[in-house]
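Enquirer: Here it is, the structure in full.
The values are calculated or read from the model by the stated rules, or taken from the named source; none is laboratory data. From a predicted model like this one, the values you see are computed outputs, not experimental measurements. No Cβ is skipped: glycine too gets one built from the backbone with ideal geometry, and neighbour counts run over all protein chains shown.
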């Protein structure tokens, strides 16, 4: 569990962020191992000269076209440098209470259990990035009576076409003409159902 801080107004709140909820934590997983003479085998990389390198013997480095190592990588957007923002664990993320309907259209990609935030049930908007980044991800903290979760993702653009949408449904008509013998579709009549738009 990692410590993370949020700022709600002038109040700084500290909480514990658990590991991300994934398929392994929900359903478990199976580990496949290969043995030889009773000893487990490990994966490695066979080089052209016959040397075998283990995973922990391989490292990576950033170099320029001339082969010199680069200490700091500059990212650009439309020809302008983009500053790198610190991780959410290295600063106080802003927190704003919002209505629960704000979750409509929010596409969740990651879920983290949160502990010890000290807020009442509700929904709070924030931003999050596990590591240094140029752009933070949209996030919500959903607090219930017994638990709380950090929901990370992005908001989808959902367009409503109008205040009311009318649908026509087919319903059996017992007074209709007799269904043809070779037909699998009975006779129907139309009834109209009007649905109201959800005001968000």
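Enquirer: Could you grab me the full set of residues in the range 86-96 that are in a strand (DSSP E or B) and within 20 Å of the chain's Cα centre (by Cα)?
Expert: Within the range 86-96, 93, 94, 96 meet the criteria.
Enquirer: Mind checking which residues of the range 103-143 are part of a loop (DSSP other than H, G, I, E, B) and under 12 Å from the mean Cα position of the chain (by Cα)?
Expert: Listed by number, the list holds a single entry, 129.
Enquirer: In this structure, does residue 94 turn out to be closer than 18 Å to residue 116 by Cα and at pLDDT 85 or above?
Expert: yes
Enquirer: Sticking with this one: Assess whether residue 122 counts as being within 27 Å of residue 22 (Cα to Cα), at pLDDT 65 or above and touching a helix residue (DSSP H, G or I) at 6+ places or on another chain (Cβ under 9 Å).
Expert: Yes; evaluated as a whole, the condition is true for this residue.
Enquirer: Identify the residue in the range 59-76 that is assigned to a strand (DSSP E or B) and at pLDDT below 80 and, among all such residues, is surrounded by the most Cβ atoms within 10 Å (Cβ to Cβ).
Expert: It comes out as 75.
Enquirer: Go through (1) loosely packed, with under 10 Cβ neighbours inside 10 Å; (2) touching a residue at least 40 places away in the same chain (Cβ under 8 Å); (3) farther than 23 Å from residue 5 by Cβ and name the single condition residue 155 misses.
Expert: For residue 155, the failing item is (1).
Enquirer: Now for a different question. List every residue pair whose Cβ atoms lie under 9 Å apart, where the two residues are 6 or more positions apart in sequence or sit on different chains, the first residue falls within the range 26-44 and is over 20 Å from residue 54 (Cβ atoms), and the second residue, located anywhere, is modelled with pLDDT of 80 or more.
Expert: Sorted first by the residue in the range 26-44, then by its partner, the pairs are 29/23.
Enquirer: Additional query: For residue 45, only one of the following conditions fails: (1) within 30 Å of residue 115 (Cα to Cα); (2) part of a strand (DSSP E or B); (3) touching a helix residue (DSSP H, G or I) at 6+ places or on another chain (Cβ under 9 Å). What is its number?
Expert: Result: residue 45 passes all but (1).
Enquirer: When you go through 120, 79, 105 one by one, which is the residue that is over 22 Å from residue 8 (Cβ atoms) and surrounded by fewer than 10 Cβ atoms within 10 Å (Cβ to Cβ)?
Expert: Sole residue among the options that is over 22 Å from residue 8 (Cβ atoms) and surrounded by fewer than 10 Cβ atoms within 10 Å (Cβ to Cβ): 79.
Enquirer: Here are 25, 33, 88, 19: which of them is within 30 Å of residue 141 (Cα to Cα) and modelled with pLDDT under 85?
Expert: Step by step, each of 25, 33, 88, 19 is checked, and only 25 is within 30 Å of residue 141 (Cα to Cα) and modelled with pLDDT under 85.
Enquirer: How many of the residues in the range 54-65 are in contact with a strand residue (DSSP E or B) (Cβ under 9 Å, 6 or more places away or on another chain) and closer than 22 Å to residue 32 by Cβ?
Expert: 3
Enquirer: Looking at the structure I just gave you, is residue 12 in the same structural domain as residue 123 (by TED's automatic domain parsing), surrounded by 10 or more Cβ atoms within 10 Å (Cβ to Cβ), at pLDDT below 85 and out of contact with any helix residue (DSSP H, G or I) (no Cβ under 7 Å at 6 or more places or on another chain)?
Expert: no
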